[in-house]
C-alpha cells in the first residue's frame, strides 16, 4: 500500500526521499528523551506528513486526533497529531516549520506506516497548491483514507457536498450559522460544509441530525416512496428518519438513542424494500429425516444453518429464477453463482454473512466457512463482499421456537426464506393413519416482478423434497 | 471577570514550619498563593500584596476585657470550661462549613469550649452546594458514560441495552447525599457538645461578637479566640444576568432541574470541567467559554493537554478560548440564551453564542459581607480577608488583629474544603498553645471527571521557575496507566502519573495524576510531601499487586536520585 501510494504522488519530491526517515518522528518523552537524529534540511516547499512507525511491529496506525487543524502554523517540535499504534497513543511532532495545509487522514481513520496523513506547506501561498495535491491524491486514491475496512458498515463515506435541500425554510438570521458542538464535529468528520446546511433544531440551529442527514448517514426516504407506516412505537422509540419531522406525542421519560451505523444501514435497506412488490408463499416440511441426518453429521462440525443453506442452494440450482434479481424493473438478472446470505443478529444490529457458491461446496466445507464468517462478523472484520454478495437470503428464527414469520426482502435479491421451528405435529396420511412427525414451516418472500407464485411453489416443492430426503446433501 | 489570573509562584519563599516567634513573623512574610483552582472553585487572583510592613502587636487591647460579659447561651454543654471564666467561649467559629467543622472538632479534642455560628445550613458550600452533591451527579455521569460506551462494554463481553436515566432520580440522589452528609456533620458536632448557634455572626470588637437574625434580638457573646470561616458564593461577573433557569450557577445546576440540549459553560476550571462531564453524560452538548488562551489553565500543561484529549475532544464539546462573556441574556420571549463574546485582551467583539442554557463557572467570591470587619479595622481585598501564613487576620494598617483568624474560602489562600479544614486545625493548634504553620504545598486537589485528575505541589512550569531561582535541577518522570494491570483489567488504561522532583535531594516537588481513581491515588504523594519523605525512601515502600497504586510505585521507582549523603560512586560519562 505504501509504495502504491508513493508512486501516485511523484510530484511531491519528499515522498520518496523521506520514506525511510519520516518527516515527523515520535517523541514520547517519558519513554526516551528527545535525541533523534536531525534530518538534513531539504528544500522542498510542500511536504507530506507520514504515518510514522512508532514501534518495530507497527504496520499501520490510527489517527486518534489532530492536535492542529488545517491552516494552523506549526513550528518545529510541536505536537501535530496523536497516533495510536499497536502499543500506545503517541504525540507526533513535526520536524519542520510550516503550515498544516491539509489533513489527508482524518481522526479515527487508519493508514499504513509511511502513508501520507497530512500535507505541510512552507508558506501561505503554497497552501492552495498543497490542498489541491491533497484532494487529487485523496479523490484519486480513496483507498488510503480507509485502507482497512474496520467497520463492516455499508454506510457510505461521503466526501461529496451535501445533497441540495429542497423547500428549505429560510434561516432566521441570514448569513449566521449556528451549529451545535457535536454537529460541527460531525461536519468535520464527514466533510460536510456546514454553511450550506439549513438547521432544523431549535432557533434554526444546525443539529447533529442535520449533518448526518446531509452526510447520508440516515438518509431521508426518496420522494417516490410512500412514507413508512409508523413503525411499532414500542420497539422503536429511537428517532425514525422520515421526511417530515413526525409529530409523535411526547411520552415523558422516553429516551432517544441514535442509530449506530449498522442500524442506520438496516433502516436504509428496509425503507428501500418498500419500493418492491413482494408476496409470500408458505410451505410445511417434515424434518424427521433432516433431524436424523443432523444428529449424524453434527459431530463433524456441521451446523443446521449449513444444512439449510446447502438445501436451499441445491433447490435454487434447479430454479434459477428464484436466484435472479430485478435490478431496473425491466429485466431479469440471472446470477451465475448461488450465494446464500444468512441473517445473523449481532449486538443490536443485523448482518448477513454470505456463503458463496453454496451449491458447489460440500457440507463440511460450508460449515467450516460459516464458522469463519460468524467469527469475522463478531469481530467486525467482514469484508464487503462477505456480506453484500448474497443472491438469496435465509433467515432462521426456529431456535427461538417461532413457528412461522414473514421476512422483508432485502434490496437487490429476488427472494428470502424465513424458517420456523421444527415441531412435533400430528399428521394424517392419505390412508387415514395418524402419525406424529416433526414439521417446520418455511415462508418465502419474493419479488413478484420476476418470481411468480408458481415459480415459488415449484421451488418450495423441490426444497421440501430435499429436506425430506436429505442424504443427497452429504454428497 | 472570569479570568482567574494564573499566578505563578513568584516568590518561592518556603514557609517556615518550625517554631517562629512573633518577631520572626514581623519580618517580611510575603504570602504568595499559587495559582490554584480547587474543588470546582476557581481561585480569584489574590494579589500578592506584601504584608511585610505588618508588625505584630502582642499587647492585648485593654478594651472589652471588662466584666460585662453575660452568659447567654442556655444550652451550655460540657465541651470544656471557658478558660478562667472570663469569656463565654474559648473559641467561636463563624460558619459551619467543612472548615468550621474541622476546626470545631479539633478544638473540642484540645479541651476548648467551642461554639459555631451558622446563618444558613450546616455543611456550607461543600456539603450543600459544592463538592458533595456534585460527586453524586458525577457518580451518575460516570456510570452513564460507561453504559453508553458500547465498545467499552463489548470489550468486557457485556451487553447492555440502551441506558437511560430519570432526571428526578438523579437529582434526588444528589439531594439525599447532601442531607445525609449534613446530618452526619451536625450530629458529629452535637455529639461532642459543640454549641451550634443559629443566625448571622457579626464581629463587634476584639473577642466580642453577636449572632442572630439581625436587629435587636441579637445575642452578644465573647470568645477568647474567633475564627472566621464564612466561605464563598459563586462569582458572577458583571454583565451576566443569572435567572436561575436558563442562566445558572453551580448552586442551581446541582439541583439538576433542567438538562438542556446545549449548554455553554463559562470557565473551564474545576467546576466547569466537572459539569461538562455531567452534562455530556446526560446527553447535552457543551460549549466552553474560557478567558485564557487554553482550556484548563490551572493544571500542569502536560496533564491538561492529555485531559483535553480525553475529556473534551472526543465528547460533544467545543470551545471558545481567549474570550470573555461580556453579556449574557437569559432565554426569554422565545429567544435562546444569548452570550456576547469579547476578546479577552483587545476587548473587541467576537460574536455571539446562542445556546439553551449557560452555566457560570467563573470561580467563587468570598462571602465576607456583614461580618463587622469594619469594627476591627479590617479591610477586605476583593472581599477576601487578609491573613498571614498562620491565618491571623491583618488589619488595614498591616497589623495582626489579636485573637482573630480567618480560614477557608474567605481568606482565599486555597479554595478547597479540605484546605479550610486543615487551616482550621492549624489555628486550633496555635490557640491551644502550639505553634503550627500549614504547608499548603502538601494539600492535594482533585477534579472528579471521568477519569479523574489530581495534583499536589507544584506544576512543571512552577517547579522550573523555582529551580531557576534557587539553582537546582528539576527532574521529571512519568508512568502510564496503560502499563498497570488493574487499570487494564478495568479497560481504563488511559492516563498518566507525573512526578516532578529534585534529583539531587529526592524531594518531591509535585505529583500530577490523570487516570482512573486519580483523586484517591494522590495521597501517597501528598503525605510524602507533608512528612518530608524522600523518593529514595518511598522506593522501598511496598504496594499490593495488582492495584492502581502501583502506578505511583512505578513512578517513584523510575525516579533517579543522583546523589545521596553517601559518597557518590564514580559515574562513567
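Some points to look at:
- The lone criterion from (1) assigned to a helix (DSSP H, G or I); (2) surrounded by 14 or more Cβ atoms within 10 Å (Cβ to Cβ) left unmet by residue B:163 is number (1).
- Scoring residue B:351 on the criteria (1) within 14 Å of another protein chain (Cβ to nearest Cβ); (2) in contact with a helix residue (DSSP H, G or I) (Cβ under 7 Å, 6 or more places away or on another chain); (3) closer than 26 Å to residue B:244 by Cα leaves a single failure, condition (2).
- Filter result for the condition that a residue is within 14 Å of chain A (Cβ to nearest Cβ), assigned to a helix (DSSP H, G or I), crowded, with 17+ Cβ neighbours inside 10 Å and at negative phi, over B:487, B:467: B:487
- If you go through the stretch A:181-200 and pick out every residue that is on the phi > 0 side of the Ramachandran plot and free of Cβ contacts under 8 Å to residues at least 12 places away in the same chain, you end up with 0.
- Which numbered condition residue A:55 fails, given (1) part of a loop (DSSP other than H, G, I, E, B); (2) modelled with pLDDT of 70 or more; (3) within 14 Å of chain B (Cβ to nearest Cβ): (2)
- Only a single item in (1) in contact with a strand residue (DSSP E or B) (Cβ under 9 Å, 6 or more places away or on another chain); (2) touching a residue at least 40 places away in the same chain (Cβ under 8 Å); (3) over 16 Å from residue A:350 (Cβ atoms) is not met by residue A:383, and it is number (1).
Conditions (1) assigned to a helix (DSSP H, G or I); (2) modelled with pLDDT of 95 or more; (3) away from chain A (no Cβ under 14 Å), marked per residue:
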| residue | (1), (2), (3) |
| --- | --- |
| B:450 | no, no, yes |
| B:455 | no, yes, yes |
| B:472 | no, no, yes |
| B:478 | no, no, no |
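- A count restricted to the stretch B:241-254 and to residues that are within 18 Å of residue B:167 (Cα to Cα), in contact (Cβ under 8 Å) with a residue 60 or more places away in the chain and surrounded by 15 or more Cβ atoms within 10 Å (Cβ to Cβ) stands at 6.
- The residues in the stretch B:295-332 that are away from every other protein chain (no Cβ under 12 Å) and either touching a strand residue (DSSP E or B) at 6+ places or on another chain (Cβ under 9 Å) or under 26 Å from residue A:90 (Cα atoms) (or both) can be counted, and the count is 20.
- Residues of the stretch B:389-442 that are assigned to a loop (DSSP other than H, G, I, E, B), out of contact with any helix residue (DSSP H, G or I) (no Cβ under 9 Å at 6 or more places or on another chain) and touching a residue at least 24 places away in the same chain (Cβ under 8 Å): B:398, B:399, B:412.
- Subset of the stretch B:217-241 (residues that are part of a loop (DSSP other than H, G, I, E, B) and under 28 Å from the mean Cα position of the chain (by Cα)): B:229, B:230, B:231, B:235, B:236, B:237, B:238, B:239, B:241
- You will find that of A:70, A:60, the residue that is more than 14 Å from every other protein chain (Cβ to nearest Cβ) and within 22 Å of residue B:312 (Cβ to Cβ) is A:70 and no other.
- Residue selected from the stretch B:127-159 under the condition within 14 Å of another protein chain (Cβ to nearest Cβ) and under 28 Å from residue B:175 (Cα atoms), by the criterion surrounded by the fewest Cβ atoms within 10 Å (Cβ to Cβ): B:149
- Selected residue (only one of B:338, B:328 is surrounded by 19 or more Cβ atoms within 10 Å (Cβ to Cβ) and either more than 27 Å from residue B:416 (Cβ to Cβ) or free of Cβ contacts under 8 Å to residues at least 60 places away in the same chain (or both)): B:328
- Criterion applied to B:191, B:178, B:115 was being crowded, with 17+ Cβ neighbours inside 10 Å and assigned to a helix (DSSP H, G or I), and the one residue passing it is B:178.
- Just one of the listed residues (B:147, B:137, B:204, B:185) is touching a helix residue (DSSP H, G or I) at 6+ places or on another chain (Cβ under 8 Å) and outside any helix (DSSP H, G or I), namely B:204.
- For the residues A:309, A:292, A:315, the requirement of being surrounded by 23 or more Cβ atoms within 10 Å (Cβ to Cβ), out of contact with any strand residue (DSSP E or B) (no Cβ under 7 Å at 6 or more places or on another chain) and part of a helix (DSSP H, G or I) singles out A:315.
- Selected residue [in contact with a helix residue (DSSP H, G or I) (Cβ under 6 Å, 6 or more places away or on another chain) and either free of Cβ contacts under 8 Å to residues at least 60 places away in the same chain or not in a strand (DSSP E or B) (or both)] from B:286, B:310: B:286
- Residues that are crowded, with 18+ Cβ neighbours inside 10 Å and in contact with a helix residue (DSSP H, G or I) (Cβ under 8 Å, 6 or more places away or on another chain) within the stretch A:318-334 comprise A:319, A:321, A:322, A:323, listed in sequence order.
A quick yes/no check of all residues on (1) part of a strand (DSSP E or B); (2) at pLDDT below 50; (3) within 12 Å of chain B (Cβ to nearest Cβ):
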site	(1), (2), (3)
A:188	no, no, yes
A:200	no, no, no
A:203	no, no, yes
A:214	no, no, no
A:218	no, no, no
A:230	no, yes, no
A:242	no, yes, no
A:245	no, yes, no
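- Residue satisfying condition, being more than 14 Å from every other protein chain (Cβ to nearest Cβ), over 27 Å from residue A:427 (Cα atoms) and without any contact (Cβ under 8 Å) to a residue 24 or more places away in the chain, within set A:268, A:298, A:327: A:298
- Hey, residue B:169 more than 14 Å from every other protein chain (Cβ to nearest Cβ) and either under 30 Å from residue B:283 (Cα atoms) or free of Cβ contacts under 8 Å to residues at least 40 places away in the same chain (or both) or not: no
- Among the numbered conditions (1) within 20 Å of residue B:307 (Cα to Cα); (2) within 14 Å of chain A (Cβ to nearest Cβ), the only one that residue B:510 does not meet is (2).
The values are calculated or read from the model by the stated rules, or taken from the named source; none is laboratory data. Not measured: the values here are computed from a predicted model. So basically every Cβ, Gly included, is an ideal-geometry build from the backbone, and we count neighbours across all protein chains shown.
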